[in-house]
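For reference, the structure is listed below as structure tokens.
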Amino acid sequence: MVVELAAVRMLAPWFGTSLVVWTNVIAVILLALALGYLLGGRLAAKTHPAAMLSWVLLGAGCAIAWLPFLGATLSRALLPERIALDEAAGLVGWGSLAVSLSTFLPPALLLGTVCPLVVEALARARHLSAGSAGGSVLFVSTLGSLGGVFGTSHFLLPTLGLKLTFWLASALLIASAALARFVARQGARGGLGAALILVAWAGSLAVSPERPSLPPEAVELERRESNYQALRVVEDRSQGAPLRYLQVNEGFDSFQSVWQGELGLLPAGFYYNDFLLPASWSEAGSPWNVLVLGLGAGTVVRVLSAESRLEPRFVGVELDPAVVDLGRSYFDLEEDGPRLTTWTGLDARVALRVAEGGFDQIVLDCYANQVEIPPHLCTVEFFREAKARLAEGGWLTANLGGFDFDDPVVSSVAASCARAFESGVLLVRVPQSRNYLLIARRDGALPWSSGGLLPATQESILELGPRRLPGLTERIEPRDDAFVLTDDRCPIERLQTQSIVQARARRLVARGSG
Amino acid sequence: MASYPSQAELTEVRALLDASDYCEAWRLAGTLKGAREKDLARSEILYRGGDPAGAFSAARAGLETAPGDLDLLFWATGSSIWLRDAERAQAYSRELRARVEDARPRLSPGESEAWTRTVEDFSNRSQELAQHDRALDLAVTRARTVSLGFGAGLFLILVWVARSSHGRSSNPVS
């Protein structure tokens, strides 16, 4: 289990941790174990199963120690430089499968042989029946897996990091190999081979796995493994004023948070600016209460704070405490105080249930695995709960990644929101980006007329600009026959895959231009 | 953003775009005489408004009524590059180069030089896109080959293991 869980993390900086990556890793490990069981059964019939066990453990330990280096090297070889998210669909699937097969399969296969070998050795040594020996071994190994699951996720990866986690697992296997060798009374037999394997194992400490390369003129400020994901803070110095990005897992050309030195609007193309859209038609509240679901490193807080007319007060919800920590270190995210309350380690949906008061605006910017909206945060039931947390006339604003208005993700999430709000919702295409802003309102009119956004009625630092052009905004009405996402059935991962796969073909679909 | 060499038309539309008044620019575009002028203006408005797909659609619509028009080809190529569509970018870039050569006798030296620079820029960027696409295709093929190779190897191992004799415990207990 240590290897399996760490394997996904190892692939994360290159291929992400989307469903397809998890599927590939689990499939390869299961395949390897199945073959290992079969092979182990054959090997167990040899004269000295304990001796064979020591060799198998030694080989697996050595192979696991090299996993971070081999995995990163192979991933680097398979992935071209600087690919965009929508270009990555085919590569994520095949690439993660290729790396999983060529790196995780050999050690997992060797580990698969362990169980039958131990069963045989135990049965012979203690004169147990096959069932009794097998039951004992499975009991211990399953308990070990249980420890591996919790230990890896909650302690090993966040504390030791990937390389040392693998190395620790390999060291335990080597120690087990030595024990098996002692039990088998091998003495000096095969000593040279064992020594060579040990040298190869020790050599793994001398190499460092590669990391995905950075764009030119970008520097990595910090890298961290959290309980949830691989994080890195990157500063882009190619423009005049530096921009910092928080990247999660593979990154590609996407990011979770962005920072610039000055408070206020980010350069054109950043969807965070569009969370200010309600300000164009809203009179200032006193204060303007905002619930941010998916706080990240606090970009939304910094952008909305620049609209001083609103006097915003924030409750920011972020699942990963390490993200908030990095936000405070690198993204000028303010400490908790009268203007900001952060809830970390809390799922957005749970936070929505426990949040008190009617909010003037709910910002939804939650993504898992970089590109996937978590399934429980885009359903009709979720949007109903969000609506219930809005003040009268309050706004729900959600960031959706997509490529067109009829993109599978964009259209289904918008339809679900419209169903929940029992009224029309707006989709605004964010200029110069592949994002859409979903806008819904509780008991209030949407700023929409004759196929476009209404002019602003309030002064705002955000100009509506091209957002009012025909074809850049659509109103989605609730429809009984629309496909909506529910807690019972939410195939958002499949829709996300469809969205990316179709993206290139969809780029040049003619839209209304006149 | 692509640099636009022609300064002949659309002055008012551009002034409105510079003032970020996209709606008025759009309205004005609808009043221009001729389908070519309307599509040209709309393409520029959508391009500058951050909607390359819309800009491409408008340019393509204009090219149906004014085939080979340099300005429309400019926006069609620029939008294709923004959309990272190597195939279309190369096709429009090639057509633009050919049309510029045809039109060169009618162009002033300044215009001629500006178009030459633009064509070269578009051509280089289109080629970069094509190279990038080829690298992507190659990477997918490589990953697929490695995966299938391992799959075949595993199948052989399975056959080998299955064909080897079943072992019998030296200590049968049941």
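The values are calculated or read from the model by the stated rules, or taken from the named source; none is laboratory data. None of these values were measured; they are calculated from a predicted model. Note that each Cβ is placed from the backbone with ideal geometry, even for glycine, and that neighbours are counted across all protein chains shown.
Taking only segment A:296-353 into account, find how many residues are touching a residue at least 60 places away in the same chain (Cβ under 8 Å), out of contact with any strand residue (DSSP E or B) (no Cβ under 8 Å at 6 or more places or on another chain) and under 27 Å from residue A:234 (Cβ atoms).
1
Could you please find all residues in segment A:17-53 being of a type in the set (Gly, Ala, Ser) and either surrounded by fewer than 17 Cβ atoms within 10 Å (Cβ to Cβ) or over 26 Å from the mean Cα position of the chain (by Cα) (or both)?
Result: A:27, A:34, A:36, A:40, A:41, A:44, A:45, A:50, A:51.
Can you find even one residue in segment B:13-25 that is within 8 Å of chain A (Cβ to nearest Cβ), of a type in the set (A, V, I, L, M, F, W, C), surrounded by 15 or more Cβ atoms within 10 Å (Cβ to Cβ) and touching a Ser or Thr at 6+ places or on another chain (Cβ under 8 Å)?
Checking segment B:13-25: not a single residue is within 8 Å of chain A (Cβ to nearest Cβ), of a type in the set (A, V, I, L, M, F, W, C), surrounded by 15 or more Cβ atoms within 10 Å (Cβ to Cβ) and touching a Ser or Thr at 6+ places or on another chain (Cβ under 8 Å).
Looking at segment A:338-354, which of the residues that are crowded, with 19+ Cβ neighbours inside 10 Å and in contact with a Lys or Arg (Cβ under 9 Å, 6 or more places away or on another chain) is modelled with the highest pLDDT?
Among those that are crowded, with 19+ Cβ neighbours inside 10 Å and in contact with a Lys or Arg (Cβ under 9 Å, 6 or more places away or on another chain), it is A:340.
Give, as residue ranges, the helices (runs of 4 or more DSSP H) completely inside segment A:49-137 that count at least 3 residues that are over 30 Å from residue A:434 (Cβ atoms) and hydrophobic (A, V, I, L, M, F, W, C).
A:49-65, A:67-78, A:105-126
Checking residue A:17 against (1) assigned to a helix (DSSP H, G or I); (2) more than 13 Å from every other protein chain (Cβ to nearest Cβ), which test does it fail?
(1)
Counting only residues that are among the charged types (D, E, K, R) and within 8 Å of chain A (Cβ to nearest Cβ), which one in segment B:27-72 is nearest to residue A:434 (Cα to Cα)?
That would be B:51.
Does residue A:270 count as under 24 Å from the mean Cα position of the chain (by Cα) and buried (at least 24 other Cβ atoms within 10 Å of the Cβ)?
Spelling it out, it is not the case that residue A:270 is under 24 Å from the mean Cα position of the chain (by Cα) and buried (at least 24 other Cβ atoms within 10 Å of the Cβ).
Going through segment A:333-384 one residue at a time, which ones are of a type in the set (D, E, K, R) and within 17 Å of residue A:395 (Cβ to Cβ)?
Passing the criteria: A:360, A:365, A:384.
Determine, yes or no, whether residue A:386 is crowded, with 20+ Cβ neighbours inside 10 Å, more than 14 Å from chain B (Cβ to nearest Cβ), assigned to a helix (DSSP H, G or I) and modelled with pLDDT of 95 or more.
Criteria met by residue A:386.
Starting from segment A:214-230, keep only residues that are touching a residue at least 12 places away in the same chain (Cβ under 8 Å) and hydroxyl-bearing (Ser, Thr, Tyr), then list their pairs with residues that are part of a loop (DSSP other than H, G, I, E, B) and surrounded by 17 or more Cβ atoms within 10 Å (Cβ to Cβ) whose Cβ atoms are within a distance under 8 Å, requiring at least 6 positions of separation or different chains.
A:226/A:320; A:228/A:319; A:228/A:320
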